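Heads up: the structure comes next, in structure tokens.
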Amino acid sequence: MTDPEQIPGEADAPLPRILGNTGSLVAGGQESSGALWRLAEPGRQLDANLVRIPPQGAVDAHAEPDLDVLLLVVAGDGVVGSAAGPCPVESGSLVWLPHGSVRSLRAGVSGLSYVTVHRRRPGMRIQSRPGA
């Protein structure tokens, strides 16, 4: 009899993995700001980050011209600013930031921690100069 949770697969196929726990990472990074964690596994098709903004801190208005971004608030609260006006967010809020949209973030009194996920950007490539 086989284990119902073990699924047969190719011997060289990549395996699902637990990469961490957002609650533990946020709790350990209470005094930190910026990226607390980054997805760095080779061969990935996605980029993901766990980011912390300190209390009352902000990410200024900016646009991402090429990539849609999914943002999941994992701790704290704050406001996502957009052309439509401010949108309050709290732990559990799931926000879609379409490419081309202008947005900003402001943390509340306890700070704001969130995970972003988007398609991986292609790496930089060195190309020959035209006519060289």
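The values are calculated or read from the model by the stated rules, or taken from the named source; none is laboratory data. Quick caveat: nothing in here was measured; it's all calculated off a predicted structure. Methodologically, a virtual Cβ is constructed for each residue, glycine included, from the backbone with ideal geometry; neighbour enumeration extends over all protein chains shown. Only protein heavy atoms, including side chains, enter the accessible area calculation; ligands, DNA and RNA are left aside. Shrake-Rupley method; radii C 1.70, N 1.55, O 1.52, S 1.80 Å.
The figures follow:
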item	result
Residues of the stretch 62-81 classified as modelled with pLDDT of 95 or more, more than 22 Å from Ala27 (Cβ to Cβ) and among the small types (Gly, Ala, Ser), total	1
Neighbours by Cβ (under 7 Å, 6+ apart or cross-chain): first from the stretch 4-24, surrounded by 10 or more Cβ atoms within 10 Å (Cβ to Cβ); second modelled with pLDDT of 85 or more and among the aromatic types (Phe, Trp, Tyr)	Gly20/Trp37
Of residues in the stretch 55-71 being assigned to a loop (DSSP other than H, G, I, E, B) and open to solvent by 50 Å² or more (accessible area, probe 1.4 Å), the one farthest from Ser82 (Cα to Cα)	Pro55
Boolean, Leu46 is surrounded by 11 or more Cβ atoms within 10 Å (Cβ to Cβ), under 13 Å from the mean Cα position of the chain (by Cα) and closer than 24 Å to Arg119 by Cβ	yes
Failed condition for Gly108, given (1) more than 22 Å from Gly29 (Cα to Cα); (2) of a type outside the set (Lys, Arg); (3) in a strand (DSSP E or B)	(1)
Identity of the residue in the stretch 14-52, part of a loop (DSSP other than H, G, I, E, B) and hydrophobic (A, V, I, L, M, F, W, C), that ends up modelled with the lowest pLDDT	Leu15
Looking only at the stretch 111-125, and only at residues there that are touching a strand residue (DSSP E or B) at 6+ places or on another chain (Cβ under 6 Å) and either part of a loop (DSSP other than H, G, I, E, B) or of a type outside the set (A, V, I, L, M) (or both), the one that is most open to solvent (accessible area, probe 1.4 Å)	Arg120
